[in-house]
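Below is one structure; the comments refer to it alone.
Where a number appears in this text, it was derived from the coordinates with a stated rule and is not lab data. Not measured: the values here are computed from a predicted model. Cβ coordinates were reconstructed from backbone atoms using ideal geometry, including for glycine residues, and neighbour counts include every protein chain displayed.
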């Protein structure tokens, strides 16, 4: 299982999303490889990913950058809310 | 996991900003004042939002302003600006913003530890409101578990 957290600059916000996604997976007892990426490199970073985590603001840009992909794009509202991230990940992969 | 130090010069409690650009500029000014960045970093943080939208509003009431590493980043740094009147960034869920955290990193690897420490502080959902209500730099540091100088106990 590969999960990619995506933000605009690849600094800061995607790293927060990665850290909190790992915490959410831990709580759920799921294991996955979570990496952080920016929009410019997401097509490569997410080539073999099943799930992409990003904000509502960036979801359309991520979808456009990916082109054809089977990865599910999950929109996270509150990057610090491990419960929200966990619920959305569980619905997707649990 | 430790946060970058948060000296008084990197904290502005009760700032006035008329819009999101003003709020980000206040964060840029705090980063410049603390010696982490040159003044141009503020424009680059604004540029990230102009290019990608308000995704930097990562939680209700909180913007994490940042830009890529660059020559105007003198060393990694963090700042906190609280706003007397909250401003809208244009985020569909998390507006209006009361607290702007500014982040500057000199390389992409360096920031992972400090971001993890930030995530620890903000995983408490009450922290953003308590930061917004803080009246001194000491209160801000206590809420984030940050120190005024590197290497000091929190």
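Can you give the average number of partner chain beta-carbon atoms within 10 Å of each beta-carbon in peptide B:54-67, as a whole number?
5
Report, to two decimal places, the Cα Rg of chain B normalised by 2.2 N^0.38 Å (N = number of residues).
For chain B, the normalised Cα radius of gyration is 0.92.
With each pseudo-label sitting 7 Å past Cα toward Cβ, what's the residue B:109-residue A:87 distance in nm, one decimal?
3.9 nm
Pairs of alpha-carbon atoms within less than 8 angstrom and 6+ residues apart define the contacts here; what relative contact order does chain A have, in percent?
In percent, rounded to a whole number, it is 35.
Grab the DSSP H runs of chain B that are 4 residues or longer, score each as -39,500 (n - 2.57), total them, divide by all residues and round the 222 nm result to the nearest 500 deg cm²/dmol.
-10500 deg cm²/dmol
Ranked by Cβ crowding within 10 angstrom, fewest neighbours first, how are B:138, B:43 ordered?
Listing B:138, B:43 from fewest to most nearby Cβ atoms yields B:138, B:43.
Taking each pair of different alpha-carbon atoms in chain A once, compute 1/r for the pair, average those values, and report the inverse of that mean as the Kirkwood hydrodynamic radius in Å to one decimal.
12.7 Å
Find the percent of Cα-Cα distances in the protein assembly as shown that exceed 29 Å, and round it to a whole number.
23 percent
What translational D, rounded to a whole number of µm²/s, comes out for region B:74-113 from Stokes-Einstein when the hydrodynamic radius is the Kirkwood one over Cα pairs, at 20 °C and 1.002 mPa s?
Calculated translational D: 179 µm²/s.
Once you have the Cα-Cα distance between residue A:27 and residue A:43, take 0.36 nm times their residue separation minus that, and quote the gain in nm to one decimal.
Contour length minus the Cα-Cα distance gives 2.9 nm.
Given contacts defined as C-alpha pairs under 8 Å and at least six residues apart, what's the relative contact order of region B:5-117, whole-number percent?
It rounds to 32 percent for region B:5-117.
Report the FRET efficiency, 1/(1 + (r/R0)^6), for residue B:51 and residue B:74, where r is their Cβ-Cβ distance and R0 is 25 Å, rounded to 0.05.
Efficiency for this residue pair is about 0.60.
Give me the one-decimal nm value for the distance between modelled label points at residue B:19 and residue B:43, 7 Å along each residue's Cα-to-Cβ direction.
Taking the two extended label points, one gets 1.8 nm.
Each label point is 7 Å from the Cα along the Cα-to-Cβ direction; what then is the distance between the points at residue B:123 and residue B:2, in nm?
2.0 nm
Please report the spacing between the Cα centers of region B:1-73 and region A:28-76 in Å, no decimals.
26 Å
Taking 8 Å as the Cα distance limit and 6 or more residues as the minimum spacing, I'd like the relative contact order of region B:27-68 as a percentage.
Computed value for region B:27-68: 32 percent relative contact order.
Please list log₁₀ I(q)/I(0) at q = 0.13, 0.20 Å⁻¹ for region B:55-125, using the Debye equation with identical point scatterers on the alpha-carbon positions.
-0.40, -0.88
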